[in-house]
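Worksheet: the structure to be examined is printed underneath.
The values are calculated or read from the model by the stated rules, or taken from the named source; none is laboratory data. This one's a predicted model, so the numbers in the text were calculated from it and none came from an experiment. Every residue, glycine as well, gets a Cβ built from its backbone with ideal geometry; the counts of neighbours run over all protein chains shown. What goes into the accessible areas is simple: the full protein's heavy atoms, side chains included, and nothing from ligands, DNA or RNA. Shrake-Rupley method; radii C 1.70, N 1.55, O 1.52, S 1.80 Å.
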Amino acid sequence: MVKNKIKVSFLMYQVITGGIEKCLLTIIKNLSVYDKYEFTVITKKEITSKYFLEFFKNYNVKILTLPNIESIGEKPHSLFKKIIWKIKRKKIKNKIKEILNNKLPESDLIIDYFNMSFWDLILDINKPKITFWHASTMMFEKYYTNVIDKIMNSYSKFVCLTEETKNNLINKYPNYKEKFIHIYNPFNIEEIKKLAEVGEYPKDSNKYFTFLGRFHEDKDHLTVIKAVELVVKKIPDLKVYFIGEGSRFKEYQKLVNEKNLENNIIFTGVLDNPYGYLKHATANILSSPSEGLSTVLIESQILNTLNISSDTPSCAREILLNGDGGLLYPIGDYLKLAELMEKVWNYDIDKELLINNATNSISRFESQKIIHELDKLFEELKERNNVYEK
């Protein structure tokens, strides 16, 4: 038992069912083996999921929920109400800062894990700070270019999930090249394979596609729906399983019904174990215009399932080995997606070659390798801070 454990605070915008949260749990679970870390998860939204609450309890993770700034609602149109809204918002934000300024100095390391969602709240906290960027270079440049100096001077390290993202940011901001590092998200490969063996799947469908993702515009379900509408004209028994939940679920379900595609696009809702569906799928589809490091593409590769993916910047091409480990199509191009789906369905491509290429490269995402890199980084920053404090 380590007496003086390394206190690590993970800052999360929210903790719901998603790829970022799944990776957070993998990191905590694997780092716990070292028996030298003490974890706290600080979130802007209350954690309600029984699964997450039980996980944190089992791994002795402390939870701190901050005041919810969204509780005041959206910005009103009335000038007077807008002034009141801004006053309330500033009051809550100052309260959050006060809590963080009191709590975080107790930590040895601060990990702003959810796309820098705390960057402006922790600027003045003098502790080693790491941020993980789970989106594309394009999204970073869209929202943060004007505050790059503040951000880079605040964080000790900026973790990019792909080599391409790191190189793009270094080229764009060369003054901070030492801050940018690349570390993949960790995946428990053998655990995913075991879950797939016991996971349910649609046994009444000999062939089908899967599409995993929350029902939100940033996953672009509409492109897939348009592609399916074309493909069913030639393949009437085509089936695509939409797995997930989200704010646009009813909208997409209504659209599918209006197009008479309810027998071709099946909504499963959230599955506790979606790996059975993935393992037995003819192929998995991704249509996002932007991703950091797509979890489902890697999980499909682990399960020897072919991927058909939008060529989302800084992500898909690296995972799919420039097209040697999966099929790529231009973002939003439902005509090309329909063409690829038809070819896969009719065995008009060398599917096994693509799958073999992907499988042979999967070890780069192995959790033990990634966790070792993170442990080394955390130790390095802690020691650097200890020297500085002396």
Listed residues Thr268, Thr305, Thr312; which is within 30 Å of Pro186 (Cβ to Cβ) and out of contact with any Asp or Glu (no Cβ under 9 Å at 6 or more places or on another chain)? Thr268
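From the list Lys45, Lys29, pick out the single residue that is part of a helix (DSSP H, G or I), open to solvent by 40 Å² or more (accessible area, probe 1.4 Å) and touching a residue at least 24 places away in the same chain (Cβ under 8 Å). Write out each step before concluding.
Working: Lys45 fails: part of a helix (DSSP H, G or I).
Selected residue: Lys29, the only one of Lys45, Lys29 that is part of a helix (DSSP H, G or I), open to solvent by 40 Å² or more (accessible area, probe 1.4 Å) and touching a residue at least 24 places away in the same chain (Cβ under 8 Å).
Matching residues to (1) over 22 Å from Ser363 (Cβ atoms); (2) in contact with a Ser or Thr (Cβ under 6 Å, 6 or more places away or on another chain); (3) open to solvent by 40 Å² or more (accessible area, probe 1.4 Å):
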| position | (1), (2), (3) |
| --- | --- |
| Thr223 | yes, yes, no |
| Lys239 | yes, yes, yes |
| Arg248 | yes, no, yes |
| Tyr252 | yes, no, no |
| Ile285 | yes, no, no |
| Glu291 | no, yes, no |
| Ser294 | no, no, no |
Among residues of the stretch 52-84, those that are loosely packed, with under 12 Cβ neighbours inside 10 Å and among the hydroxyl-bearing types (Ser, Thr, Tyr), counted: 2
Can you name the helices (runs of 4 or more DSSP H) wholly within the stretch 318-390 that have at least 3 residues being of a type in the set (Asp, Glu)? 367-389
Six or more apart or on different chains, Cβ under 7 Å: which pairs go from a residue in the stretch 49-68 that's among the hydrophobic types (A, V, I, L, M, F, W, C) to one that's surrounded by 14 or more Cβ atoms within 10 Å (Cβ to Cβ) and part of a helix (DSSP H, G or I)? Could you list them? Phe55/Leu25; Val61/Ile28; Ile63/Phe56; Leu64/Lys103; Leu66/Ile96; Leu66/Ile99
Filter the stretch 98-141 for residues that are free of Cβ contacts under 8 Å to residues at least 40 places away in the same chain, more than 23 Å from Tyr184 (Cα to Cα) and within 25 Å of the chain's Cα centre (by Cα); the one that is most open to solvent (accessible area, probe 1.4 Å) is Leu123
Could you say whether any residue in the stretch 355-363 is within 17 Å of His182 (Cβ to Cβ) and surrounded by 17 or more Cβ atoms within 10 Å (Cβ to Cβ)? no
